Amino acid sequence: ITFVSKNGSINASNNSDTRKTNKNSTDPENEEHTENNNNINKPKKSFPRINDLLNQHAQQQQQQLQLRKHRLSNSTSSNIPSALKQKYIAIDCEMVGIGPTSTKSALARASAVDYDGNILLDTFVRVPERVTDFRTSVSGVRPKDISVKNVNAMDPEEVRNKIGKLLLGKILVGHALKNDLDALMITHPRGDMRDTARYKPFMRATGRSGGKLRPRKLRDLVWEELGKRIQVEGERHSSVDDARASMELFRCVRERWEKELEGKGG
């Protein structure tokens, strides 16, 4: 009797342990179900739809187009007196490389246009020194353009005199004018220069704090501000196109620019 009672007690204890084990053990199916419930309760990440992105991009392009039209309408010279137009002249020059390393530049083409973009001067320039790099992909200048056999090309001194006479008493417009003036070997009063490469609203902020302004390429400015393409890769560059582009950029901001200068005392 005692033996049977002992086994019964042991068996009862084992059953109790088994129930405790089952209670404390984790059921994989229950765990998966709980995880699924948690996933359902988590907020889903929202991503923009492709159609929304395309519509937003189209709206931005339309706004930019309207802004360009507004700037172009402001740049029209129909309401500007002829006497005021005559004050402004834009120039641009193309250079070729000379010297052993081709790093030294020599004047190879010079162009000047008036306020409306009409050509006042456009000529190739004979280079007195041996050209080591024609830079045709950038300058658009070919060997035959500045050859001594080209009767339409001018000597540097003749070009210098012609440009100097055009600029006498005028406001000079251009992009990175220092390069052009250095190539021409002439100077111009700083107060009578409108350099679109140095006009702050046309410059780009750089540096960690964004406090340093850098000039931008004429090609990029013309595209962003006017919606026009110049200096297209694979095509010959034109100093006439660049001079016109600089003048057109200036016309868009002329009134604002001149007022700013008046506020600074010239």
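Rule-based calculations on the coordinates, nothing more; no lab input. Keep in mind it's a predicted model, so treat the numbers as computed, not measured. Heads up, the Cβs are rebuilt from the backbone with ideal geometry, glycines too, and the neighbour counts pull from every protein chain shown.
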**Prompt:** Any idea which of GLY207, THR132, ALA110 is furthest toward the positive side of the dipole for segment 80-229, if Lys and Arg beta-carbons carry +1 and Asp and Glu beta-carbons -1?
**Reply:** GLY207
**Prompt:** How do 112-123, 83-94 rank on mean C-beta neighbours within 10 Å, highest first?
**Reply:** 83-94, 112-123
**Fill in**
For the pair THR101 and GLN86, the simple spin-label estimate (label points 7 Å beyond Cα toward Cβ) gives in nm 4.8
**Prompt:** If the chain between ASN150 and LYS165 were fully stretched, how many nm would it gain, using 0.36 nm times the residue separation less the Cα-Cα distance?
**Reply:** 3.0 nm
**Asked** Which entries in the list LYS178/LYS212; LYS149/LYS170; LYS178/LYS217; LYS170/LYS212; LYS87/LYS178 go over 23 Å, if you measure between the two C-alpha atoms of each?
**Response** LYS149/LYS170; LYS170/LYS212
**Prompt:** By the scheme Lys and Arg +1, Asp and Glu -1, what is the net charge of all other residues having a beta-carbon under 12 Å from that of SER111?
**Reply:** -4
**Prompt:** Could you give the distance between the Cα centres of segment 195-266 and segment 100-165, to the whole Å?
**Reply:** 23
**Message:** On alpha carbon coordinates alone, what is the Rg over Rh value for segment 73-198, Rh being the Kirkwood radius?
**Reply:** 1.01
**Prompt:** Given 5 Å bins starting at zero, what is the percent of C-alpha pairs of segment 191-253 in each, up to the one with the largest pair distance?
**Reply:** 4, 16, 26, 23, 15, 11, 4, 1
**Request:** Multiply the residue gap between LYS200 and ASP182 by 0.36 nm, knock off their C-alpha separation, and tell me the result in nm, one decimal place.
**Result:** 4.2 nm
**Asked** Roughly how many nanometres apart are two label points built 7 Å out from the Cα toward the Cβ at ILE50 and ARG130?
**Response** 6.0
